[in-house]
Each structure stands twice: as structure tokens, then as C-alpha cells.
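The values are calculated or read from the model by the stated rules, or taken from the named source; none is laboratory data. Worth saying up front: this structure is predicted, and the values here are computed from it rather than measured. Backbone-built Cβ (ideal geometry, glycine too); neighbour counts: all protein chains shown.
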Amino acid sequence: MTGTTFPRLGQAETVRYAFVGLGDITQEAMLPGVRHTGNSQIAALVSGNPEKARRVGELYGVADIYGYEQFGELLASGTIDAIYLATPNWRHAEFIIPALKAGIHVLVEKPLEISAEKCREILAVQSGSSAKLMVAYRLHFEPATLATIDLIRSGALGDLFTFTSSFTQMVSPANHRAKSGVEAGPIFDMGPYTINAARSVFGDEPTEVVSAVGVRHPEAGFGDFDDTVAVTLRFPGNRLAQFVLSYYGNVLDTYAVVGTKGSVEVNPAYMYGKPLARTVTIGDEKFRDSLRNTDHFGGELKYFSDCILNDTAPEPDAEEGYADLRVIEGILKALEIGGSAPLEPFTRSKRIDVSGQLQHLPAQAPPDLVGVSNPGRGKDKSPLN
């Protein structure tokens with residue numbers, strides 16, 4: 001089914017977005033980034049809390065406010081070209097599918113959904129839609145990340161064989177992530193970063209979840225899920241990726257890649273709001289660089305709007321989202337059975353374009369939040385999403 005294309009009411013070179021879900025990531029990072037793009041505008045807000053939506057609308061001069069139950073009305077209004085979706089993970093398909101069927105473009109926060117089956121359903125709908133879909137892998141546009149991938153592709157590190165990562169933070173037990181089960185826990189919320197980084201640096205897909213071990217700290221005050229998980233993945237060519245995810249540790253976000261000629265450590269590696277930094281070792285020579293802090297969210301939005309305006313396909317598409325979900329499902333299986341979980345064969349058809357996806361929008365101070373709070377226990381910015 002080919003989606004309906006509505007007449008444009010906005011400026012010819014501007015994409016009109018409805019922001020669906022007004023939680024901390026939307027308010028803290030994405031909405032402030034819109035003004036940096038030069039090709040995007042806030043046309044409508046969608047929330048289950050009308051008072052919060054009204055107050056956020058006042059901050060950004062947006063009068064078109066919709067409840068979740070009015071989403072179909074919004075799609076038919078002719079006033080938007082695209083949506084940015086940041087609802088809880090398990091509500092993504094609920095909004096993605098009708099948007100795609102209506103010919104409305106979709107930028108959705110990761111993970112794409114909470115099951116590979118749901119991802120395949122989204123892929124099937126998109127294949128018959130005129131609309132584009134991009135998963136918000138903001139690091140696919142971040143300078144330090146792209147410089148690291150470029151270094152690896154140059155062959156300077158030799159043949160890669162290990163990827164190791166620690167991604168930990170203290171999440172408040174009062175945050176919704178701590179009360180919504182495994183689908184809101186570290187595997188789904190933080191796992192896409194480590195899985196995606198390993199897949200990106202190896203340029204390949206894992207074949208097996210060798211092991212997954214989870215622990216629960218009663219003093220963390222969380223619900224019924226593992227707050228800390230350690231995972232080992234096997235990649236083709238005798239390569240291994242190992243990582244630890246945790247909602248109950250001091251903030252650490254780092255990964256290291258080791259090859260036969262050299263290594264690179266990125267630390268911080270996943271955070272936004274501060275420069276990402278690298279230590280590169282080639283033989284016995286070592287150097288460190290810290291690339292300029294950028295607006296990750298405005299950068300990815302600018303890229304997606306450019307794809308819409310120029311009718312080009314975005315790189316981190318629904319297939320990229322599916323690629324990570326198949327691994328997440330393998331991790332859950334390995335945790336369940338207490339052993340290894342083979343992964344169904346899969347080949348990714350597209351990889352990051354280092355030069356074409358690089359964004360340099362300047363970073364900005366976060367605004368005050370309306371009716372939400374940052375998920376961290378302390379004052380540090382959470383690296384989630």
C-alpha cells in the first residue's frame with residue numbers, strides 16, 4: 001500500500017514534525033535541537049498528559065496539541081510531514097505503522113521495538129509505504145564515533161579480534177525505566193549502544209550469544225528485571241564482543257577495540273552533553289584526542305530531514321533496528337536457558353557512510369523540563385537514548 005501524500009503547508013525546505021511522547025529525552029535533547037537544523041520545525045505535540053503538552057507547547061510556540069487517542073486525526077490533518085517518536089519501547093509499532101500507512105515519515109527512538117517479530121512487521125509495512133523510517137542512532141552522526149570507524153576501516157589497527165565495553169549508570173528507582181520490567185531495563189535501553197557499536201566496528205553481524213549473565217541488587221530498589229548484565233557475542237572470523245550493562249553503577253561508558261597492529265579506546269563513548277574522547281595505540285605509539293562536543297539530536301534530525309527533502313534513504317533504517325533486536329532476543333534467550341543462543345543468519349545491506357553522515361551542529365545547554373525528570377539518581381546527564 002502506498003501512503004497518502006498530503007499537501008505541504010510549511011516552508012518548501014522545512015519538514016514539519018509532530019513530537020509523539022514528551023518524556024525527558026524529547027524535552028531535554030530533541031526539541032531544543034530543532035532550531036539548530038535549519039530544515040525542521042515543530043508542528044504538533046502528542047502526549048497522554050494534556051497539561052504537560054500545553055506547557056511544552058507554550059515554550060516552543062506550538063498550539064496544535066493532540067492526545068495519543070487522537071493520533072489518527074493528526075495523521076489525516078495535512079499539517080505534518082513526519083513524526084519523532086519517543087514513547088515507551090513497547091508502544092513504537094502502535095504509532096509507526098499507522099504513520100507509515102498514511103505516508104508520514106518516522107524518526108523513532110531506539111530500540112525500534114521490543115521483539116524481532118514487531119520489527120519485521122514494521123519492515124513489511126514500510127516496504128509498501130512512500131514514507132521513510134529512521135531509527136535514532138545519534139552516534140551514527142557523531143564526529144568521534146565516525147572518526148573511530150574511519151580509523152578501523154583504514155586498516156591501521158590490523159585485523160580486529162576483540163571489542164569490550166562497560167556501560168553503567170545509576171538509574172533512580174522512581175524513574176519509569178525502573179518500574180516497567182525488562183523491556184525498559186538496561187538490555188533494551190542501553191544494550192542497543194554496545195551491540196550497535198560492536199556491529200559497526202566489526203562491520204559484521206554476530207552469529208551467537210555465547211553467554212549472558214544477569215544479577216539483581218535488592219538495594220537498587222528496582223522491579224522484576226536484572227539491573228546488571230554481562231554478555232559475550234561471537235562474530236565471524238573468531239572475533240568476540242563482550243560488554244556489561246548496568247542500571248546500578250557509577251557512570252562509565254567506554255569501549256575498546258583491539259587489532260593485530262593497534263587498538264582504540266573511546267571514553268566517554270556513548271554519552272551526550274560532553275565531548276567523546278579516544279586513545280589510539282599503533283604499535284608502541286599512543287595518542288589521545290577529544291573531538292568537539294556536538295548536538296547529537298539536532299544533527300540526526302537535520303540528517304533525516306535532508307533525506308526527506310532530497311528523497312534519499314537514511315542509513316540507520318528499520319533493518320538496522322532489526323539487526324540489534326535479533327541480538328537482544330538472543331541475550332534474553334541465553335539468560336533464560338543459562339547457556340549459549342545461536343542467532344539466525346542475517347546480512348546487513350547497508351553500513352555507515354562516514355563522510356556523508358558527519359554532523360557538526362554545536363552543543364547547547366539543556367532546557368528546564370516540564371513534568372519529567374532525568375532518569376539518573378544524581379545530577380549527571382543520563383546517556384540513555
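Of the strands (runs of 3 or more DSSP E) lying entirely inside the stretch 201-298, those carrying at least 3 residues that are among the hydrophobic types (A, V, I, L, M, F, W, C) are 208-215, 228-235, 239-246, 248-259, 277-282. I need the full set of residues from the stretch 171-192 which are outside any helix (DSSP H, G or I) and either in contact with a strand residue (DSSP E or B) (Cβ under 8 Å, 6 or more places away or on another chain) or over 18 Å from residue 271 (Cβ atoms) (or both), in order please. Passing the criteria: 171, 172, 173, 174, 179, 180, 181, 185, 190. For beta carbons closer than 9 Å, sequence separation of 6+ or different chains, a first residue in the stretch 352-370 that is surrounded by 12 or more Cβ atoms within 10 Å (Cβ to Cβ) and a second that is assigned to a loop (DSSP other than H, G, I, E, B) and at pLDDT below 80, the qualifying pairs are 366/374; 366/381. Quick check on the stretch 139-146. Is at least one of its residues over 24 Å from residue 45 (Cβ atoms) and surrounded by fewer than 20 Cβ atoms within 10 Å (Cβ to Cβ)? For the stretch 139-146, residues over 24 Å from residue 45 (Cβ atoms) and surrounded by fewer than 20 Cβ atoms within 10 Å (Cβ to Cβ): present.
Restricting the search to the stretch 63-87, which residues are within 26 Å of the chain's Cα centre (by Cα) and of a type in the set (A, V, I, L, M, F, W, C)? Within the stretch 63-87, 65, 71, 74, 75, 80, 82, 83, 85, 86 qualify. For the condition at positive phi and in contact (Cβ under 8 Å) with a residue 12 or more places away in the chain, what is the one hit in 267, 238? Of 267, 238, the one residue that is at positive phi and in contact (Cβ under 8 Å) with a residue 12 or more places away in the chain is 238. When 157, 151 are checked against the criterion of being assigned to a loop (DSSP other than H, G, I, E, B) and touching a strand residue (DSSP E or B) at 6+ places or on another chain (Cβ under 8 Å), 157 stands alone in meeting it. Within the stretch 18-35, is there a residue that is under 21 Å from residue 122 (Cα atoms), at pLDDT 95 or above and not in a strand (DSSP E or B)? Taking every residue of the stretch 18-35 in turn, at least one turns out to be under 21 Å from residue 122 (Cα atoms), at pLDDT 95 or above and not in a strand (DSSP E or B).
Among the residues of the stretch 299-328, those that are of a type outside the set (A, V, I, L, M, F, W, C) and either assigned to a loop (DSSP other than H, G, I, E, B) or under 17 Å from residue 360 (Cβ atoms) (or both) comprise 299, 300, 302, 303, 305, 306, 311, 312, 314, 315, 316, 317.
For the stretch 147-173, give me each residue that is surrounded by fewer than 24 Cβ atoms within 10 Å (Cβ to Cβ) and within 14 Å of residue 248 (Cβ to Cβ). Scanning the stretch 147-173 gives 166, 168, 170, 172, 173.
The set of residues in the stretch 210-225 being among the β-branched types (Val, Ile, Thr) and in contact with an Asp or Glu (Cβ under 9 Å, 6 or more places away or on another chain) consists of 213, 215. For the stretch 58-84, the tally of residues that are touching a helix residue (DSSP H, G or I) at 6+ places or on another chain (Cβ under 9 Å), assigned to a helix (DSSP H, G or I) and under 19 Å from residue 107 (Cα atoms) stands at 4.
Restricting attention to the stretch 102-125, does a residue exist that is farther than 30 Å from residue 201 by Cβ, outside the structural domain of residue 267 (by TED's automatic domain parsing) and not aliphatic (A, V, I, L, M)? Yes, the stretch 102-125 contains a residue that is farther than 30 Å from residue 201 by Cβ, outside the structural domain of residue 267 (by TED's automatic domain parsing) and not aliphatic (A, V, I, L, M). Kindly evaluate residue 55 against the criterion of being touching a residue at least 40 places away in the same chain (Cβ under 8 Å), part of a helix (DSSP H, G or I) and either touching a helix residue (DSSP H, G or I) at 6+ places or on another chain (Cβ under 9 Å) or within 30 Å of residue 265 (Cα to Cα) (or both). No, not satisfied. Residues of the stretch 213-247 being in contact with a Gly (Cβ under 9 Å, 6 or more places away or on another chain) and over 16 Å from residue 163 (Cα atoms), which ones? Selection gives 213, 222, 223, 224, 225, 226, 227, 228, 229, 247.
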